[in-house]
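All remarks here apply to the structure that follows.
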Amino acid sequence: MRLELVKRPQQSTLFAAISPLIALGLTLVAGAIVFAMLGENPFEALYYYFVDPLRELWSLHELAIKAAPLIIIAVGLSVCYLSNNWNIGAEGQFIMGGILGSMLPVLFPTFQGPLVLPLMLLMGLIGGAAYAAIPAILKTRFNTNEILTSLMLVYVAQFFLDWLVRGPWRNPEGNNFPETRRFHPDAVLPELFPADGRANLGIVFAIVAAILVWLLVSRTLKGFEVRVLGASPRAGRFAGFGTTKMVFFAFMLSGALAGLAGISEVSGAIGQLRPTISPGYGFAAIIVAFLGRLNPLGIIAAGFVLALTYLGGEAAQISIGVSDKVARVFQGMLLFFVLGCDTLIHYRIRLVRSALKSDAAAVAKAAEPASEGA
Amino acid sequence: MVFVQSSAETAGPNLLEVRGLTKIFGTLKACDGVDLTIAKGEIHALLGENGAGKSTLVKMLFGSLEPNDGVISWNGEPVTIASPSMAKKLGIGMVFQHFSLFEALTAAENIALSLQADTPLSTISAKARALSYSYGLPLDPEALVGDLSVGERQRIEIIRCLLQTPDLIILDEPTSVLTPQEADKLFETLERLRAEGKSILYISHRLDEVRRLCDRATIMRHGKVVGHCDPRQETPSSLARMMVGSEVKNAERPPSAASGEEILGICGLSRKPAGPFSMPLKNIWLSVRAGEVLGIAGVAGNGQGEFFEAVSGEARQEAGDAIRIRGQQAGRLGISARRLLGAAFVPEERLGHGAAPRMKLSENLLLSRHRTDRKAFIGTGGFVKSGAIQSAAQRIIKAMDVRKSAPDPEAAALSGGNLQKFIIGRELDRQPALMVVNQPTWGVDAGAAARIRQALIELARGGSAVLVISQDLDELFEMSDAIAVMHNGELSKPIPIAEATLEKIGLLMGGAEPGHVHVSAETA
């Protein structure tokens, strides 16, 4: 017996529209089961996880701080994924943007003034874009799989950062702690409403980036090129659009935005470089991009949802004493249900009871012995 | 044939009897209460346009689709055909229009894949060889499928089917990939099979061969059976009327007004094969002048696709002068630059090549026009002027009579014929100096096909050059001022339409007269 996916002749527009909400609902149900198995009251646990963090103003500020990098990265990734380029290495580009952007305040702490911050942001953009160009070059020159190369480069970036903060960039006055010197005030991203909480300019960048990319994708010829090459590459070549150029465009745009998120995080929320500057934003942003249906405006909403899983994880750790790894579990379940819902909207599952050895499809099946075993 | 018919009626139950067979896809009734009887020892034609429901009917008979309603009787017994393997056990064999062969395997290995797993390959080889010679379909079982011509590949499919000794053989559009001479051979084989008492269900939309070969015909339109007849008692036009439901008129071709000015010049175009099974192009010379329609005939897979890519600029050449468009060297230019020189292109595949399936018609307009009509369609900052592309799309929809269900539907939502009318109209709307079309009416219903052909002829008579690549010889004879033949990546010298005969073209399609290519350079 085996399962087969059969394409549905028509897709329900209603279900296609509400599929992210269904996925969210299923995640909550599955989460309740997980909490129950951990021996907690599931309703109480879900309350602490998803509602409690929204009750206070300072906490909403924290939500914005977590949502900003997720949205900025995911918006870039949406362009990448729409064009059928699979950049899984935003985490690495985030780190490289953070490192290059931090160069000024770390290596030239005496250079101060209003120019510092814009320059840092610019270098963050450049750092992320340049790092994302590596898998693009490998893909276009050597036809390597960008999923693997971009993912592997994440670990390179992580170890490079680790080496920098323990070695050459370590704070000389920092008692040998593995971190750089703290940024001077001119190099710190300003807070929006310092009286209420820590939220900084990052969330503004996120909203602006989302709106700009939305305009780009839906209203311009370049966006048309992205969508055509992603959905029908052959039609894209017929239109005269260059595939190679698009690989670079998509990777470097998403890399630049990941780099911007990186330097914003370092100069805003952290204020210095440390061995770890991201709780997996680059990976979580992949979930954000899909939960937002690769639409930059949807991504804004999805970014806040994922930010809540981070905050909730911390809150649940404090109030009911479960591991903060629960946050990762929720993120994983969310991605699983989003992709599952999308698949089941386009396909239905059919149970095939017996192996049909000699039907017309036998020719095709014989080529894949793996499916014969059923 | 009167004998065949009467004997069928007296000799007990019919081989196959179908009553009220219905298949519904969503809201579409692909087959609606279809009745069909096939007697022993007859060749029965199933006629109908694309989309009439022939394939759906046949898939239900072969067990790959499950009917929603209706009864199938085999030798008088009602049966449920749940799978192709069950159809084979009953004695129904099928030769598909699109072959399911592995190119990297030999003919015998391909046959073995569909038989019992324990038969040794040498036995299959020997059986296949014997069978193929006895039916006049010579076949080398050790040959790699990738090296075989389309006609030979079809033989593998037929032999594979015959090895299972079926009583009913279903052939789906078997001659669409054959030269006229190869088709003749196939007909002889089919007549022999009939003489042995086997029944054949012959699916086609080619009226001449149906009239020549078949004892009875069942005609389908829009999922329903609209008539049974003896095709030999009918004329092609009466059959066509039953198929289409209305009179179809041929395109009118006023005398050529070729001015002599060369619009497209191809000089010694060669191209290495792009993949293991694609065809190299060998030293092609051709000249298409203003005012003329030049047709390129050929059996599918002889380099037409590769040729189209080379001419359109999707594949660029190393030498700039291999392709000249309106006197300009275009060999090294990409497709957009060639369009700017006044060329327009319509590829064979509508969905996924000529149009992006999930995009609206107005967006698909942008696909081939974003460069040539930049001023009209693209505003400052690269923003698309959506009002402009929508009104242009509506203009094309009106000019070409594109029928659609929504004001600006996705390309995939249109029927093949209507999408093709839109794609052709998209290029005609520019009034291109050169129009290159690959398979202009492939899979298009007769009404739309006539309209497309007429539009292309009118474009040429208006002073443009039109190059038509087609497998449909009737179409080429109807449209072209001269016909060249592509075989094995080589192009013959164009034959003026007054001198072209079906036999002459057919011989060239089969590869006769090699080594003529240089002559065409002088006439060019």
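Laboratory data are not the source of any read-out in this text; all were calculated from the coordinates shown. Just so we're clear, the structure is a prediction, and the values are computed from it rather than from any experiment. Using ideal geometry, Cβ is built from the backbone for each residue, glycine included, and neighbour counts are taken over all protein chains shown.
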Can you name the helices (runs of 4 or more DSSP H) wholly within segment A:1-87 that have at least 1 residues being β-branched (Val, Ile, Thr) and within 14 Å of chain B (Cβ to nearest Cβ)? A:13-37
Does residue B:241 satisfy being of a type outside the set (Gly, Ala, Ser), in contact with a Pro (Cβ under 8 Å, 6 or more places away or on another chain) and over 30 Å from residue B:508 (Cα atoms)? no
Is it fair to say residue A:91 is within 30 Å of residue A:262 (Cβ to Cβ) and exposed (fewer than 14 other Cβ atoms within 10 Å of the Cβ)? no
Within segment A:233-259, track down each residue that is assigned to a loop (DSSP other than H, G, I, E, B) and either more than 14 Å from every other protein chain (Cβ to nearest Cβ) or more than 18 Å from residue A:140 (Cα to Cα) (or both). A:239
Tell me whether segment A:181-192 contains one or more residues that are surrounded by fewer than 20 Cβ atoms within 10 Å (Cβ to Cβ), of a type in the set (Lys, Arg) and part of a loop (DSSP other than H, G, I, E, B). yes
Options B:178, B:168: the member that is more than 21 Å from the chain's Cα centre (by Cα), surrounded by 14 or more Cβ atoms within 10 Å (Cβ to Cβ), among the aliphatic types (A, V, I, L, M) and at negative phi: B:168
Verdict on residue B:63 being at positive phi and either more than 14 Å from chain A (Cβ to nearest Cβ) or over 26 Å from the mean Cα position of the chain (by Cα) (or both): no
Strands (runs of 3 or more DSSP E) enclosed by segment B:270-368 - at least 1 residues per element that are within 14 Å of another protein chain (Cβ to nearest Cβ) and surrounded by 23 or more Cβ atoms within 10 Å (Cβ to Cβ): B:343-346
Checked against (1) β-branched (Val, Ile, Thr); (2) surrounded by 20 or more Cβ atoms within 10 Å (Cβ to Cβ); (3) over 20 Å from the mean Cα position of the chain (by Cα), residue A:220 satisfies every condition except (2)
Segment B:131-180: number of residues that are closer than 24 Å to residue B:58 by Cβ and part of a loop (DSSP other than H, G, I, E, B): 9
Is it the case, given these coordinates, that residue B:375 is within 11 Å of chain A (Cβ to nearest Cβ), among the basic types (Lys, Arg) and either under 26 Å from residue A:219 (Cα atoms) or crowded, with 16+ Cβ neighbours inside 10 Å (or both)? no
Mind checking which strands (runs of 3 or more DSSP E) fall wholly inside segment B:35-130 and carry at least 1 residues that are in contact (Cβ under 8 Å) with a residue 60 or more places away in the chain? B:43-47, B:69-74, B:92-95
Inside segment A:193-212, can you point out the residues that are in a helix (DSSP H, G or I) and out of contact with any Gly (no Cβ under 6 Å at 6 or more places or on another chain)? A:203, A:204, A:205, A:206, A:207, A:208, A:209, A:210, A:211, A:212
Of (1) surrounded by 17 or more Cβ atoms within 10 Å (Cβ to Cβ); (2) within 17 Å of residue B:442 (Cβ to Cβ), residue B:402 satisfies all except one. Which? (2)
